[in-house]
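**Q** Handing you this structure, nothing more for now.
The values are calculated or read from the model by the stated rules, or taken from the named source; none is laboratory data. Here the structure is a predicted model, which is why all the values come from computation and not from measurement. Here the Cβ is made from the backbone with ideal geometry for all residues, glycine too, and neighbour counts use every protein chain on show. The area values use the complete protein model at the heavy-atom level, side chains included, leaving out ligands, DNA and RNA. Shrake-Rupley method; radii C 1.70, N 1.55, O 1.52, S 1.80 Å.
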Amino acid sequence: MTENLTKATFLEKVFNYEENKEWKFEGKVPAIIDFYADWCGPCKMLAPILEQLSEEYGDKITIYKVDTEAEQELSAAFGIRSIPSMLFCPMGEDPQMANGALPKNELERIIGEVLNVTK
């Protein structure tokens with residue numbers, strides 16, 4: 001199950017960029033943050049794939065969604081210029097950003113290589 005984040009829950013669960021200059025991931029497991037908008041066609045195509053991945057990986061990863069229309073300050077903080085954009089947050093390493101509606105097999109490759117998570 002994916003979870004929608006507001007700025008407040010992002011600061012608490014992912015990264016408190018107001019207090020920390022250096023990246024400090026607050027999560028307990030690796031995460032994917034999907035920056036999307038309701039009007040975005042590719043975002044709508046990506047949503048069911050992210051739900052599938054959430055079910056398949058269970059509690060090994062967390063998938064969050066950030067509505068760029070509602071959370072403009074958060075989107076600006078991460079320099080989101082195009083959607084969908086996904087921030088991959090591994091444990092103990094810097095996050096990596098990917099743009100566009102990636103196919104499921106590419107997302108699975110990134111989950112394995114960047115987040116170091118297998119099913």
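**Q** Here are the criteria: (1) within 14 Å of the chain's Cα centre (by Cα); (2) farther than 19 Å from Ala8 by Cβ. Tell me which single one Pro42 does not satisfy.
**A** (1)
**Q** Checking the structure you have, find out if any residue of the stretch 43-61 is open to solvent by less than 20 Å² (accessible area, probe 1.4 Å) and either more than 29 Å from Asn105 (Cβ to Cβ) or among the charged types (D, E, K, R) (or both).
**A** No; the residues of the stretch 43-61 include none that is open to solvent by less than 20 Å² (accessible area, probe 1.4 Å) and either more than 29 Å from Asn105 (Cβ to Cβ) or among the charged types (D, E, K, R) (or both).
**Q** Of all residues in the stretch 1-12, which are open to solvent by less than 60 Å² (accessible area, probe 1.4 Å) and either over 12 Å from the mean Cα position of the chain (by Cα) or free of Cβ contacts under 8 Å to residues at least 60 places away in the same chain (or both)?
**A** Residues satisfying the conditions are Lys7, Thr9, Leu11.
**Q** Would you confirm, using the coordinates I've provided, whether Leu46 is part of a helix (DSSP H, G or I), in contact with an Asp or Glu (Cβ under 8 Å, 6 or more places away or on another chain), hydrophobic (A, V, I, L, M, F, W, C) and more than 17 Å from Pro95 (Cβ to Cβ)?
**A** Numbers: part of a helix (DSSP H, G or I): yes; in contact with an Asp or Glu (Cβ under 8 Å, 6 or more places away or on another chain): yes; hydrophobic (A, V, I, L, M, F, W, C): yes; more than 17 Å from Pro95 (Cβ to Cβ): yes.
Yes, satisfied.
**Q** What strands (runs of 3 or more DSSP E) completely inside the stretch 57-119 contain at least 2 residues that are within 21 Å of Lys7 (Cβ to Cβ) and of a type in the set (Val, Ile, Thr)?
**A** 62-67
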